[in-house]
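Chemist: Please read through the structure below; I'll follow up with questions.
The values are calculated or read from the model by the stated rules, or taken from the named source; none is laboratory data. Remember, predicted model here, so these are calculated numbers, not experimental data. Reconstructed Cβ throughout: ideal geometry from the backbone, glycine too, with neighbour counts over all protein chains shown.
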Amino acid sequence: MAQWWQILLGLWMVMPTSSGDKPVNICMNAKHHKQEPGPEDKLYLECAPWKDNACCTLTTSWEAHLDESLLFNFSMMHCGLLTPMCHKHFIQAICFHECSPNLGPWIQLISPPLSSCTQVAPNRQEERVWGVPLCWEDCEEWWKDCSSSYTCKSNWRSGWDWSQGKNRCPVQAPCRPFSDVFPTPTDLCEKIWSNAFKASSEHRNSGRCLQKWFEPTQGNPNVEVALHFASSASARELSYSLSAISLYLLLHS
């Protein structure tokens, strides 16, 4: 028993301080993502910040900019055109979701697939992100710039009328200003894609939240953030495991 306690003490002393490369440089198993991140020097407009290391292709980056997205068979014009600034925020959010290789700590398996339209490669389990902490400014600016645009639903991932092949507002779901559908920036960030994003109270450059867009010339600030969250998650998992082992040894000593 003394030998087991020595081993346990040694494990506590080597708690992980880094997460390695894989959790913070990885692409989701999803319809439009590459299998591995890598350079894409011709990404289109709002997707360009990820050109040095991207999970998206040139084609995906171009399709992300369409009003009626070919990526998800989804129309943003279900209540008329979005204002240009509002539309820009959605394009940036799509580029962030499709291109970023720094979402590893928030990737989860989808079971079952979200819809019958979802196409997954054979022998691959599709994944999604959950609770990605967007910096407060990202949520606030998105909300302000979309306040005068219109939508009929707070959750854009489900509940649409697909009877004519495109998403249409459900019966008795009238078009209303974004500011009515989403009373706060938190409502917009967290509800629009069913908790894929989380409105963080942290601010840009804090190292504790992700930016959905950044200046390409200033480097990718999300690498540091992903490293922080991946390291924290690894430490928590090891701590839980060691606590369970400690309890077992105490009960059986």
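Chemist: Looking at 244, 230, 235, which one is buried (at least 19 other Cβ atoms within 10 Å of the Cβ), more than 24 Å from residue 87 (Cα to Cα) and at pLDDT below 95?
Modeler: 230
Chemist: When the residues of the range 53-87 are narrowed to those that are closer than 21 Å to residue 139 by Cα and buried (at least 18 other Cβ atoms within 10 Å of the Cβ), which ends up farthest from the chain's Cα centre (by Cα)?
Modeler: 82
Chemist: So, one more: Among the numbered criteria (1) among the hydroxyl-bearing types (Ser, Thr, Tyr); (2) modelled with pLDDT under 95; (3) within 24 Å of residue 110 (Cα to Cα), which one does residue 154 miss?
Modeler: (2) is the only condition that residue 154 fails.
Chemist: Can you tell me which of 253, 194 is surrounded by 15 or more Cβ atoms within 10 Å (Cβ to Cβ), among the polar types (S, T, N, Q), at pLDDT below 95 and in a loop (DSSP other than H, G, I, E, B)?
Modeler: Selected residue: 194, the only one of 253, 194 that is surrounded by 15 or more Cβ atoms within 10 Å (Cβ to Cβ), among the polar types (S, T, N, Q), at pLDDT below 95 and in a loop (DSSP other than H, G, I, E, B).
Chemist: Considering only the range 67-88, state which residues are outside any loop (DSSP other than H, G, I, E, B) and of a type outside the set (A, V, I, L, M).
Modeler: Scanning the range 67-88 gives 68, 69, 74, 75, 78, 80, 84, 86, 87, 88.
Chemist: Also, I was wondering about something else. Residues being within 22 Å of residue 106 (Cα to Cα) and either aromatic (Phe, Trp, Tyr) or in a helix (DSSP H, G or I) (or both): count how many of those fall in the range 28-60.
Modeler: Going through the range 28-60 one residue at a time, the tally reaches 4.
Chemist: For the range 131-147, give me the residue count where each residue is in a loop (DSSP other than H, G, I, E, B) and either surrounded by 17 or more Cβ atoms within 10 Å (Cβ to Cβ) or at pLDDT below 95 (or both).
Modeler: Qualifying residue count for the region: 2.
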